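Here the structure comes first, spelled out in structure tokens, and everything after it is commentary.
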Amino acid sequence: MKTAELIAWLQETDASRLEQLWAEADRVRHANVGDEVHLRGLIEISNYCIRRCAYCGLRVERTELARYRMTPDEVMDSARDAVKFGYGTVVLQAGEDPGWRADEIADLIRCIKCETPLAVTLSLGERTPDEWRLWRAAGADRYLLRFETSNRARYDLIHPVGPQGRPSDRIAMLRELRALDYEIGSGVMIGIPGQTYADLARDLETFRELNLDMIGVGPFIPHPDTPLGQAGHRQDACATTAEQPPANELMTFKMIALARLTCPRANIPSTTALATLNIKEGRELGLQRGANIVMPNVTPLKYRALYEIYPAKACIREDGAHCNFCLRGRLASIGRPVGKGQGSVRRDS
Ligand code: 5AD
Ligand code: FES
């Protein structure tokens, strides 16, 4: 699809045309990755973060947020829960937390790979190539690192420089992770203040250029205790751009559908942020408009509310067993079978 066509779809308002887009995305999903929905157990292993991303509730400047770091034993218990619930993968996710040392993460990966049949996905932010290499050697299978927006200037505006003292280049990092033989996942937020339709089209083209194995997109949800969540900032940013795509459910469905059409074989989750916007059926609609993955939370209940990336996040009052039961019911209601095994993509590169 050409850039102009992507932009036209992103701006489409005609209901019957949109029905065609959903149907085509669903057809391409069925033809390329089948009907199975793979479940990835998400373990939020720490909410410490040394970065200051302007949208994220875990940013270091939120000193009022109580911080936690799970112990390796606690993580292993959650991984065993994931096995018990029949999941094929665990995703170890955290803020950028040097308090989890690289060798401790490597030990944890070895433990999970030795004790369980799980695939291990890491979502631990911008670490060093040496650390990524160590974790890959320990048995990690996949790495998630969203580039958030392909618009470099906008990216730099909302990502203050990190400890290395220069703006991060996540696209280069994803290529590095690919070279280390990880399956790689990335994605963007939709409706970031100041973002344009052309930016979103470029995001989709970047997914294709990177030949991503996994693509996660979700709406930007303002967090009031972050710079981008403050009303003044939001108004200013929106006022300067007539082009601003809304951070809503419809725009998220369009991005999921178009991600499926541009990257037919990718694993695409129907995300928690989407469920947060429409708890009743957001996740199900995502799965019927291109997605084939869901990521049930298996983090111990006592930590969930503290992993407050954005407010009113779905599933913070439920425990792992509840989410497992809930999601299986939701999948059954739309006639989609639960995937067996690890649910890896078959690389076509
Ligand atoms: N709204 C929506 N998504 C967010 N993320 C972080 N903060 C927010 C927010 N306020 C997303 C980012 C990050 C992922 C873990 O969560 O895309 O990569
Ligand atoms: Fe957690 Fe439904 S998936 S409550």
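The values are calculated or read from the model by the stated rules, or taken from the named source; none is laboratory data. Please read all numbers here as calculations on a predicted model, not as lab measurements. Positions of Cβ are generated from backbone atoms using ideal geometry, with glycine treated the same way; all protein chains shown enter the neighbour counts. What goes into the accessible areas is simple: the full protein's heavy atoms, side chains included, and nothing from ligands, DNA or RNA. Shrake-Rupley method; radii C 1.70, N 1.55, O 1.52, S 1.80 Å.
Once you sort the root eigenvalues of the Cα gyration tensor of segment 193-349 as a ≥ b ≥ c, which label holds: rounded (a/c under 1.5), prolate (a/b larger than b/c) or oblate (the other case)? Oblate, because a/c is 1.5 or more while a/b does not exceed b/c. Volume of the convex hull of segment 1-75 (Cα atoms only), normalised per residue: 205 Å³. Computed from point charges on the beta carbon alone (+1 for Lys and Arg, -1 for Asp and Glu), the dipole magnitude for the chain about its Cα centre is near 340 Debye. A DSSP coil position with no more than 13 other Cβ atoms inside 10 Å describes the following GluC sites (Glu not before Pro) in segment 34-140: Glu61, Glu64. Rank Pro163, Ala137, Thr149 by how far each Cα sits towards the positive end of the charge dipole of segment 137-188 (+1 on Lys, Arg Cβ; -1 on Asp, Glu Cβ) and give me just the farthest. Among Pro163, Ala137, Thr149, the one farthest towards the positive end of the dipole of segment 137-188 is Thr149.
Can you give me the % of accessible surface on segment 1-75 that is carbon or sulfur? Probe 1.4 Å, all protein chains present, nothing else counted. Of all accessible area on segment 1-75, carbon and sulfur atoms account for 52 percent. Considering only C-alpha atoms, what is the centroid distance from segment 48-92 to segment 113-129, in Å? Here the answer is 13 Å between Cα centres. About the centre of its Cα atoms, segment 125-238 shows a dipole size close to 80 debye [charges on the beta carbon of Lys, Arg (+1) and Asp, Glu (-1) only; nearest 20 debye]. For the chain, adding -39500 (n - 2.57) for each run of n ≥ 4 DSSP H residues and dividing by the number of residues yields -12500 deg cm²/dmol at 222 nm. An ellipsoid equivalent to the chain, defined through the eigenvalues of its Cα gyration tensor, has semi-axes of 28, 25, 20 Å when rounded to whole angstrom and sorted largest first. Each of Leu250 and Leu180 was given a label point 7 Å from its Cα along the Cα-to-Cβ line. The distance between the two points is 4.2 nm.
For segment 253-332, the Stokes-Einstein estimate of translational diffusion at 10 °C and a viscosity of 1.306 mPa s comes to 120 µm²/s, using the Kirkwood hydrodynamic radius over alpha-carbon pairs. List the longest stretch of the chain that has no exposed loop site; here a site is one of the trypsin sites (Lys or Arg not before Pro) assigned by DSSP to anything other than H, G, I, E or B, with at most 12 other Cβ within 10 Å. Between the exposed loop sites, the longest stretch runs 102-279. Checking the cross-link pairs Lys280/Lys302; Lys2/Lys280; Lys313/Lys340; Lys280/Lys340; Lys113/Lys254; Lys2/Lys340 against a 31 Å limit on the alpha carbon distance flags Lys2/Lys280; Lys113/Lys254; Lys2/Lys340 as lying beyond it. Each Cα pair under 8 Å and six or more residues apart adds its sequence gap; the mean of these over the residue count of segment 140-193 is a relative contact order of 57 percent. Take every DSSP beta bridge whose two residues both sit in the chain; close to 5 percent of them are antiparallel.
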